[in-house]
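A quick write-up on the structure given underneath.
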Amino acid sequence: DAIRDSSGMTGTFNVADFDSKTCVAIPHDENDLDRMIAGVSLPIFMPAVSSGGRTWTDAVWIKDANLLEAVRRGCTELWLVWCIGNTTLWGKGALEQYVHMIELSANSALFEELDQIADINARRANGEQVMGITEPIVVHVVKPDLPLPLDPDFVSGRISAEALVAMGYRDAWRYLATRSSTGVALDDTATKMRVAPLGCRLSLRLRGSISRSSGDRTRFVASTTVEISDLGEFVADPAKGVDVVGAIDTAEWGYRPFARGSATVTDGDRGRLIELEATIHVDGEDVQVVMSTTLPARSAAGWCWRAGRSWSVAVVASDGGGSGTAKVTWLDALRILYLFEPSGAHTLSDRVRALRLMAGFTRAR
């Protein structure tokens, strides 16, 4: 009801009409719950939906994004959020090849539309009014650098909804920081991603308090996911840094996801210094949050125990920032081990190799 009653902006929802074998763009004020559900109902895994005497399902096999519908409505600046993989890796499992079929359908349909937009732009550049407009169409694409985890990872709890949203938030800020006013190239590079090397994800939750320079003290919870995209590279040089996504939740700021974040591990006289640095946005300002701890690394069990030690927290802001301490509770320490998840692993032997690499790293000095 809220969607249908919205005014001031027109939206369309793309659903596959199985009866006509077409993708139908349903205006937001005509949409209903049944067809909304159909829009995320993949064949084989989810049932089709009957509505209005017709059969509806996810349109991903026809097209995953309907850019030309927006062009027909007069749009000249398009922002595409792309979550479907596009790498050169051909997986061997049944699930991966099912996903490859989606990748083939969705990407190829998108590239066909981009080609048509390029043709429209060329005609408009020559002064022709195409659909009554001579202004060129600019396409911006927000996408991950590496393919996102698949649905089974989410359903099985290997990655949380919060972490996935945090990845998207980070990727959006990354694109915003580097975007060109002319958008992306209107070809197959628009959604290109790197093949994920063998890596892993570590989920770390810190709870503590920060004393602000104003004298106020506020409690916080920081939920972070450390993305070690290349385990071999990380083990060889942990000081180089890896990505961190997540958020910090405080009474003062509310829930603030990281626009960017990194983690480094460096060796010192007292042991290994682990430092997590993140940037959040508060009232239009960049605020830096740095969380660090020093711990020796002798065994995987020792890693879990020492992760329960105190962390130092520093906040750098225009108002002077603040500092404090945080703890990893015993439950959250066990959570680190339970939610350890290899990434870029396509076989059981890949997962075992990731575990061995990480276990060896925690024991080494």
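The values are calculated or read from the model by the stated rules, or taken from the named source; none is laboratory data. As the structure is a computational prediction, the values presented were derived from the model and not from experiment. Positions of Cβ are generated from backbone atoms using ideal geometry, with glycine treated the same way; all protein chains shown enter the neighbour counts. Side chains included, ligands, DNA and RNA excluded: accessible areas come from the protein's heavy atoms. Shrake-Rupley method; radii C 1.70, N 1.55, O 1.52, S 1.80 Å.
Per-residue Karplus couplings for segment 310-327, computed as 6.51 cos²θ - 1.76 cosθ + 1.60 with θ equal to phi - 60°, are listed in order as 6, 10, 8, 10, 10, 10, 10, 9, 5, 8, x, x, x, 8, x, 9, 9, 10 Hz, Gly and Pro entered as x. Based on C-alpha pairs under 8 angstrom that are at least 6 apart in sequence, the chain has a relative contact order of 12 percent.
Quick query: amide H of N86 versus all other amide H atoms, modeled in the peptide plane; which residues come in under 5 Å with a sequence gap of 5 or more or a different chain? Here the answer is M193, since their amide H atoms fall under 5 Å of that of N86. Simple spin-label estimate for S312 and E69 gives 5.4 nm between the two label positions (7 Å along the Cα-to-Cβ direction from each Cα). I'd like the projected area of segment 73-178, averaged over all directions, using the convex hull of its alpha carbons. Report it in nm² with one decimal. Convex hull of Cα atoms, orientation-averaged projection: 8.6 nm². One equal scatterer on each Cα of segment 73-131, no solvent, Debye formula: the resulting log10 I(q)/I(0) at q = 0.17, 0.22 Å⁻¹ is -0.70, -0.92. Within the chain, antiparallel bridges make up roughly 95 percent of the DSSP beta bridges whose residues both belong there. Segment 56-71 and segment 111-176 have Cα centres separated by 13 Å. What angle do you read, to the nearest 10 degrees and between 0 and 90, between the alpha-carbon axis of helix 348-363 and the longest principal axis of the chain? Taking the Cα atoms of the chain, the angle to 348-363 is about 30 degrees. If you build a Gaussian network model of the chain, linking Cα atoms that sit under 10 Å apart, which residue out of N126, N107, N66 swings the most? Evaluated over the chain, the most mobile residue of the options is N126. Under a 5 Å amide H cut-off, with hydrogens placed 1.01 Å from N, V282 pairs with V287 among residues at least 5 apart or on other chains. Taking label points 7 Å from Cα along the Cα-to-Cβ direction, F45 and S209 give a separation of 4.5 nm. What residue among A172, A190, A236 shows peak mean-square fluctuation when the chain is described by a Gaussian network model with Cα springs under 10 Å? Looking only at A172, A190, A236, the biggest GNM fluctuation is shown by A236. Applying 0.36 nm per residue to the separation of M9 and D283 and subtracting their alpha-carbon distance, the gain on full extension is 96.1 nm. Counting 0.36 nm for each residue step from A177 to W330 and taking away their Cα separation leaves a gain of 51.3 nm. Is the shape of segment 325-365 rounded, prolate or oblate, going by the alpha carbon gyration tensor and its root eigenvalues a ≥ b ≥ c, with a/c under 1.5 for rounded and a/b larger than b/c for prolate? Oblate, because a/c is 1.5 or more while a/b does not exceed b/c.
Only one of [x] 69, 51, 42; [y] 61, 46, 41; [z] 76, 47, 35 was calculated from the structure for Cα extents along the principal axes in Å, and its label is [x].
Rolling a 1.4 angstrom probe over the protein heavy atoms with all chains in place gives the chain an accessible area of 52 Å² per residue. The GNM of the chain, with springs linking C-alpha atoms under 10 angstrom apart, assigns the highest mean-square fluctuation among G199, G127, G246 to G127.
Taking R0 as 22 Å, what's the FRET efficiency between V352 and M101 from their Cβ-Cβ distance, rounded to 0.05? Plugging the Cβ-Cβ distance into 1/(1 + (r/R0)^6) gives 0.15.
In order along segment 145-154, the phi-based Karplus estimate (6.51 cos²θ - 1.76 cosθ + 1.60, θ = phi - 60°) of 3J(HN,Hα) comes to 6, 10, x, 6, x, 7, 3, x, 5, 6 Hz; Gly and Pro are listed as x.
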